[in-house]
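Undergrad: Just dropping this structure here.
The values are calculated or read from the model by the stated rules, or taken from the named source; none is laboratory data. Computed from a predicted model, the values in this text were never measured in an experiment. Methodologically, a virtual Cβ is constructed for each residue, glycine included, from the backbone with ideal geometry; neighbour enumeration extends over all protein chains shown. For the accessible areas, the whole protein counts, side chains as well, though only heavy atoms, and no ligand, DNA or RNA atoms are used. Shrake-Rupley method; radii C 1.70, N 1.55, O 1.52, S 1.80 Å.
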Amino acid sequence: MRAIEQLKYRYTRCLDLKQWDGFADTLTADVTASYGAQLSFSGRDAVVEFMRSSLGPAIITVHHLHHPEITIDADEASGTWYLQDTALITEQRMLLRGAAFYDDTYVRTDAGWRIARTGYVRSYESIETLPESWKLTANRWAAA
Amino acid sequence: MRAIEQLKYRYTRCLDLKQWDGFADTLTADVTASYGAQLSFSGRDAVVEFMRSSLGPAIITVHHLHHPEITIDADEASGTWYLQDTALITEQRMLLRGAAFYDDTYVRTDAGWRIARTGYVRSYESIETLPESWKLTANRWAAA
Amino acid sequence: MRAIEQLKYRYTRCLDLKQWDGFADTLTADVTASYGAQLSFSGRDAVVEFMRSSLGPAIITVHHLHHPEITIDADEASGTWYLQDTALITEQRMLLRGAAFYDDTYVRTDAGWRIARTGYVRSYESIETLPESWKLTANRWAAA
């Protein structure tokens, strides 16, 4: 159960740090992913390519995963997580916020647990323009 | 310890998904609950009725629980949690945010662990009007 | 691993509750701490004194730690955590928000695990003025 939690933390850490090789390594080759009503992908390459092309240095993302409820059945497992995510689209000074429940399946491979299916249903997602007084005082991607 | 964590996650998941039967099932019949200085309830029916009547589809709630510090003593347990909560009161375009430390007790019943006493002291709670630019781009209860 | 998680939760709880003796007790005497690019401290006394003098009752802080990835090697351990923090500077009506990845080392002492080195690299940090409609409806330090 710890191993699956670590897998999901690594998925998120690599996503938010834009480390696409590490991100790819958390997925099975034939993973399916469904993020809300509009975004669905089939296969690791499609998922990674979408993230890589969407999330450049001008978009700061923070995904926090809460409340793992994981069930293991031999070499397969399923789990729900409660997501809170924030995205700062710095050039447009937009803030996206949301929450969602993830519903995942995992498989145990020779290299360890991998994500075989991931998807979430949003409780909500909102966008807004950041106020005039808002400013970044630190930004990991500022130099990029 | 895992079982108590799962209990509390289920409590929160059912609360935010407005699944009142599932929510009720996490509580003992004679549970006491104290949410901040003003709201106190005695008995499962009173807690559930308050939540059900307060949290309709126009109020989106997100409760995230962090930092479980749980102590088990045979069939009783106590635990602290660090809450972050957000509520969107969509019709009034209000945002409530807060943080609090929970202090709970749990009992092991024939059906598993249940919440016997729950309560929190807020670090803070704030309300504000959402800015004009703010809009929902996803809402699980939009159709309701 | 649980013991190290509890240590870190206690560190955060004491920090946000301004319980400086309890906070000090989570650190080794010769701890080093580095919070972002500007703030570095050497020794428990320096860390505690900085926090005590910076975080008075007019500053409400909320630090939430996510995604522990901890490795134990006998009496030493290392760990990463994903931080989300909020600070309300009530008198100036300022809101600070941020996220960061912690990189810690821990040592097992006769009194249990302690933090030997802690530091983070911020994904982002932002400040903004709270809108006119914003008001506190609960504040643990209101009387102070």
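Undergrad: Given the conditions (1) assigned to a strand (DSSP E or B); (2) more than 13 Å from chain C (Cβ to nearest Cβ), report the number of the one that B:Pro68 does not fulfil.
TA: (2)
Undergrad: Every residue in region A:32-74 that is open to solvent by 20 Å² or more (accessible area, probe 1.4 Å) and among the polar types (S, T, N, Q), please.
TA: A:Thr32, A:Ser34, A:Gln38, A:Ser40, A:Ser42, A:Ser53, A:Ser54, A:Thr71
Undergrad: Give the residues of region C:1-26 that are more than 12 Å from chain B (Cβ to nearest Cβ) and out of contact with any helix residue (DSSP H, G or I) (no Cβ under 9 Å at 6 or more places or on another chain), sorted by residue number.
TA: Listed by number, the list holds a single entry, C:Ile4.
Undergrad: Another question about this same structure. Identify, from the list B:Ser133, B:Ser123, B:Ser40, the residue that is outside any strand (DSSP E or B) and not hydrophobic (A, V, I, L, M, F, W, C).
TA: None of the others qualify; the one that does is B:Ser133.
Undergrad: Could you list, in sequence order, the residues of region B:102-113 that are open to solvent by less than 50 Å² (accessible area, probe 1.4 Å) and either under 14 Å from the mean Cα position of the chain (by Cα) or at pLDDT below 95 (or both)?
TA: The answer is B:Tyr102, B:Asp104.
Undergrad: Follow-up question, since we're still on this one. Can you give me the number of residues within region A:1-22 that are surrounded by fewer than 16 Cβ atoms within 10 Å (Cβ to Cβ) and in a loop (DSSP other than H, G, I, E, B)?
TA: So the answer is 2.
Undergrad: Run down B:Ala77, B:Ala99, B:Ala87 and say which single residue is among the hydrophobic types (A, V, I, L, M, F, W, C), away from chain C (no Cβ under 14 Å), assigned to a strand (DSSP E or B) and surrounded by 17 or more Cβ atoms within 10 Å (Cβ to Cβ).
TA: B:Ala77
Undergrad: Taking B:Ala29 as the residue in question, decide whether it is surrounded by 13 or more Cβ atoms within 10 Å (Cβ to Cβ) and either away from chain A (no Cβ under 12 Å) or without any contact (Cβ under 8 Å) to a residue 12 or more places away in the chain (or both).
TA: No.
Undergrad: Quick check: is even one residue across region B:129-136 farther than 26 Å from A:Tyr35 by Cα and touching a residue at least 12 places away in the same chain (Cβ under 8 Å)? Can you show your working first?
TA: Just the residues of region B:129-136 that are farther than 26 Å from A:Tyr35 by Cα, to begin with: B:129, B:131-132.
Imposing the further condition that a residue be touching a residue at least 12 places away in the same chain (Cβ under 8 Å) reduces the set to B:129.
Checked against the condition, which is being farther than 26 Å from A:Tyr35 by Cα and touching a residue at least 12 places away in the same chain (Cβ under 8 Å), region B:129-136 yields at least one hit.
Undergrad: A further question follows. Hey, does region B:44-52 have a residue that's within 11 Å of chain C (Cβ to nearest Cβ) and either among the small types (Gly, Ala, Ser) or in contact with a helix residue (DSSP H, G or I) (Cβ under 7 Å, 6 or more places away or on another chain) (or both)? Walk me through how you get there before you give the answer.
TA: Step one: of region B:44-52, the residues within 11 Å of chain C (Cβ to nearest Cβ) are none.
Within region B:44-52, not a single residue is within 11 Å of chain C (Cβ to nearest Cβ) and either among the small types (Gly, Ala, Ser) or in contact with a helix residue (DSSP H, G or I) (Cβ under 7 Å, 6 or more places away or on another chain) (or both).
Undergrad: Something else: Testing A:Glu125 on (1) under 21 Å from C:His66 (Cβ atoms); (2) within 14 Å of chain C (Cβ to nearest Cβ), one condition comes back false. Which one is that?
TA: Of the numbered conditions (1) under 21 Å from C:His66 (Cβ atoms); (2) within 14 Å of chain C (Cβ to nearest Cβ), the odd one out for A:Glu125 is (2).
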